[in-house]
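These notes concern the structure reproduced below.
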Amino acid sequence: MSDKDSASIASSVLIAEDKHLRVLSALCSTFIGKLEEDELDILSTVDSKVLITNTTDVQEFGNYDLGADEEFIEKLVTRINTVVRPKKVAELKKLLRNLSKPRTARILTGFGKPFYELTQKQREAVLNRWATSTFVIERQAFRTLLTLICSAFWLDARKFYPAIGYPGPDPDASYINYDDRTSPEFKFMEIPHEGLDLPREGENEIDVVIIGSGAGGGVTAAELAKAGYKVLVLEKGKYYQPKDLTLEQMDAANCLYEQSSWLSSEDGSVSYLAGSTFGGGTTINWSACLKPQHFVREEWASKGLGYFLTDEYRRSMNMVLSRLGVTSRNIVHNSSNKILVDGCKKLGYPCESVPQNSADRPHQCGWCGFGCKYGEKQGSVQTWLQDARDYGAQFVQDCFVQKILVEKDKDKSKVYGVQAIVCGNRTLRVHCKKVIVAAGAIHSPALLLRSGLKNRNIGRNFFCHPTACVYGVFPGKDIKTYTGTILTTISSVAENTDGNHYGAKIEVGSLHPAFVSVSFPWRSSLQHKQFMTEYNHIVPLIVIVRDRDGGKIVCDADDMPAIQYTLSQHDAKSMTEGVVAALKILVAAGASRIGTCQNNVGEFAPSAKDAFNDPELTKYLGKVRKAGFVANACNIGSSHQMGSCRMGVDPVTSVVNPDGETWEVENLYVADASVFPTAVGINPMITIMSSAYYIAKHIITGSSSQVKSAVTARHEKRRSYTMRIANRTFTF
């Protein structure tokens, strides 16, 4: 290791210098600090059931000072150093250093002394100023600190779960509720310490390597294995049997999510949740099974991808739905979904039930974001991967693919294998005939770039369904939004805000404490503790935007994916109209207070008698519209990523052809959400699976007529254009 490398690593570690730790502790105390006597009195007046049932726990929570909890500070520093990307750690370290020095602290806080010497009220005022600052760097600092500190606390705040009425892991997850049939066994290939090289021919010959085991990888593995191909599936994450899932927030974050759930865009304006486990996103999604809408398929067909309007594609979708056991029967709406239905009904807004992949069972589990302990959710593990296993596919877990191996000559490039690292230090080299990349829209383009592909579209056109949350408080109702079936209703009232079918859908989220703590504004330690004690009376609605204007995936200095994405003005307008509609739904359903994820918009208490004729509601909604959604001035998330290796009919505008094969390298395919030409606008699992099913069938049957006809049409168009130029005829 060079001195330069050593210096780089040292700079990316949050060194535990005393002055830096003092600043970090002061920040923790600011977000979740000990309340004064008058504040404790205010906390005791919150209209929440826990004030009656768990009075002592609430009082203890009110007196708790996070910054004085040395064990938490130690865990936080360790988590930052092990989970957060080095670049982000270096930025945080610089912020702590500047806040520890009087001269630089004055610039950031307005006070000529270290941050830890300020009073609680002064520190709260500083953070509130940052949250709504006109300076991007201050908004970024606030957003980063809120996410790191509050989510880390609530991910593992078992001691204070009683204070908010949260039970922790599903209390009904007893061994009685599941059996071995719902906890499938998989045998994973063992890679020796000295590494392994699987040759092109021989006993261990592999025909196809599939990178990723989620919605796309599972389908392609199953179909190719059924067709007789020798399939090897490489998964970056690990397999956790349903019966072994703890349903603890921290365990789920660390074991099932990309970057332990602390993944964000480069500017920090969007937080991303992406699966990183066997089964990918299908292991941790909320069971929603929605077909791509007609206008999306028509848009894709207009780009030359006519397959999406064919009977063949419809048959693919129906086959996928059948294999997953998708149905709307036996759905039981939980309290939050009933609120959405009720509000929409009163306003005349469209509202539909969302089919579930729960094999026709009334799967009333609000913890499925942490994996399905009952094995009832029919994700890739319960379906496609078992099919692949039964037809002889092999699997490797904890396997990071460094690059795809490509043979190049003057006329063409052709894939011949992959190189990977297993268990952090064991080299795996596999020779094969075909490679299918299904690593997700964040990792798939990064892998192609690391492998030397040069197509300028790789990583571009990244869409992520940016999501805003709104909430309504219902003091008289025991909501417990984390219980019951998670996502069973959807409203499309705001799906076409621009006249071109770009807008937002409104759904219900299963927000456990860590997610709630960073989804809505923080204004003071008192306000935060008040809000969390109302946790069981809060209904969160999520506003999912079909983003028109995408971002980009690039590789950072370590060749790892970095997300360059900021919400555009067009898509911010879609979000605004979706948020306004969601707020109206909550008001119609009887919320006593409503609020958004915008830092510069407060709460509003609707009139109990005639809310929609109250001019104050009109003013409040106007305030929401005026504030809009500026980067880092609001809390925006994303659970769906797509489009970064888009499918098309021309290498000038796309990465793969209509059959999923890359334009640059023969026998190298992409079969996940990254092939989407645009954002799909709904929960994407069914669209991913049906597209992957088609790509797998093409690989089995050979080159399709669609590619030939699309490419032929493109060349004919160019030929016609050239002839017109030659004859000097121009049309504008």
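Within a straight-line Cα-Cα reach of under 18 Å, Lys477 can be paired with the following lysines, leaving aside sequence neighbours fewer than 8 residues apart in one chain: Lys49, Lys338. In terms of distances greater than 30 angstrom between alpha carbons, the cross-link table entries Lys75/Lys552; Lys88/Lys480; Lys346/Lys626; Lys505/Lys626; Lys34/Lys87 yield Lys75/Lys552; Lys88/Lys480; Lys34/Lys87.
The convex hull around the C-alpha trace of the range 320-397, projected and averaged over every direction, spans 6.7 square nanometres.
To the nearest ten degrees, helix 705-726 and the longest principal axis of the Cα atoms of the chain are 80 degrees apart.
Counting pairs of Cα atoms in the range 236-321, how many percent are more than 20 Å apart? I get 55 percent for the Cα pairs in the range 236-321 exceeding 20 Å.
Could you work out the relative contact order of the range 11-164? I mean the mean sequence separation of Cα pairs under 8 Å and 6+ apart, divided by the number of residues, in percent. Please report the intermediate quantities before stating the final value.
Details: 154 pairs, mean separation 50.3, N = 154.
For the range 11-164, the relative contact order is 33 percent.
From its DSSP helices (H runs of at least four residues, each -39,500 (n - 2.57)), the chain gives a residue-normalised ellipticity at 222 nm of -12000 deg cm²/dmol.
Entry note, the chain: relative contact order of 17 percent, from Cα contacts under 8 Å with a spacing of 6+ residues. Judged by the gyration tensor of its Cα atoms, with axes a ≥ b ≥ c, the range 464-638 is prolate; a/c meets the 1.5 cut and a/b is the larger of a/b and b/c.
The lysines within cross-link reach of Lys623, meaning a Cα-to-Cα straight distance under 20 Å and a gap of 8 or more places when in the same chain, are Lys573, Lys584. Placing a pseudo-label 7 Å from each Cα along the Cα-to-Cβ vector at Arg200 and Arg315 gives an inter-label distance of 3.5 nm.
In summary, the lysines within cross-link reach of Lys414, defined as a Cα separation below 17 angstrom excluding same-chain residues under 8 places away, comprise Lys403, Lys433, Lys434, Lys454. Please work out the Kirkwood hydrodynamic radius for the range 11-164, using every pair of different C-alpha atoms, and report it in angstroms with one decimal place. It works out to 16.5 Å. May I ask which residue of Leu309, Gly375, Thr427 lies farthest towards the positive end of the charge dipole of the chain, with charges of +1 (Lys, Arg) and -1 (Asp, Glu) on Cβ and the Cα centre as origin? Farthest along the dipole direction, towards plus: Leu309. The angle separating the long axis of helix 120-131 from the principal Cα axis of greatest extent in the chain is about 30 degrees.
At an R0 of 25 angstrom, the distance between the Cβ atoms of His193 and Gln402 translates into a FRET efficiency of 0.90. Among Lys480, Lys113, the order by Cβ neighbours within 10 angstrom, fewest to most, reads Lys113, Lys480.
With viscosity set to 1.567 mPa s and temperature to 4 °C, compute the Stokes-Einstein D of the range 349-474, Rh being the Kirkwood radius across alpha carbon pairs; µm²/s, no decimals. Display every interim value, and only then the final one.
Working: Rh = 18.9 Å.
Result for D is 68 µm²/s.
In whole percent, what relative contact order does the range 464-638 give with Cα contacts below 8 Å and a gap of six or more residues? Kindly include the intermediate steps, with their values, before the conclusion.
Numbers: 331 pairs, mean separation 55.5, N = 175.
Relative contact order, the range 464-638: 32 percent.
If packing is taken as the mean number of other Cβ atoms within 10 Å per residue, what is the order of 461-468, 384-391, 17-24, highest first? Let's see the in-between values first.
Details: 461-468: 27.2, 384-391: 21.5, 17-24: 17.5.
Packing proxy ranking, top to bottom: 461-468, 384-391, 17-24.
Compared with the dominant principal axis of the Cα atoms in the chain, helix 215-226 is inclined by about 30°.
Could you line up Ser451, Ser592 from fewest to most neighbouring Cβ atoms inside 10 Å? Spell out each step's value before the answer.
Details: Ser451 23, Ser592 16.
Neighbour counts put them in this order, fewest first: Ser592, Ser451.
To the nearest 0.05, what FRET efficiency results for Ile700 and Asp342 with a Förster distance of 56 Å applied to their C-beta separation? Each step should come with its number before you reach the end.
Working: r = 48 Å, r/R0 = 0.86.
Step by step, r from the Cβ atoms, then E = 0.70.
Computed over the Cα atoms, what is the radius of gyration of the chain divided by 2.2 N^0.38 Å, N being its residue count? Don't skip to the answer; put the middle values down first.
Numbers: Rg = 26.1 Å, N = 732, 2.2 N^0.38 = 27.0 Å.
Compactness ratio reported: 0.97.
So how do Arg646, Arg460 line up by other beta-carbon neighbours within 10 Å, fewest first?
Values: Arg646 25, Arg460 21.
The fewest-first ordering by Cβ neighbours comes to Arg460, Arg646.
Coordinate-derived values only; no laboratory data. All values derive from a computational prediction rather than experimental measurement. Every residue, glycine among them, receives a Cβ derived from its backbone with ideal geometry; neighbour counts consider all protein chains shown.
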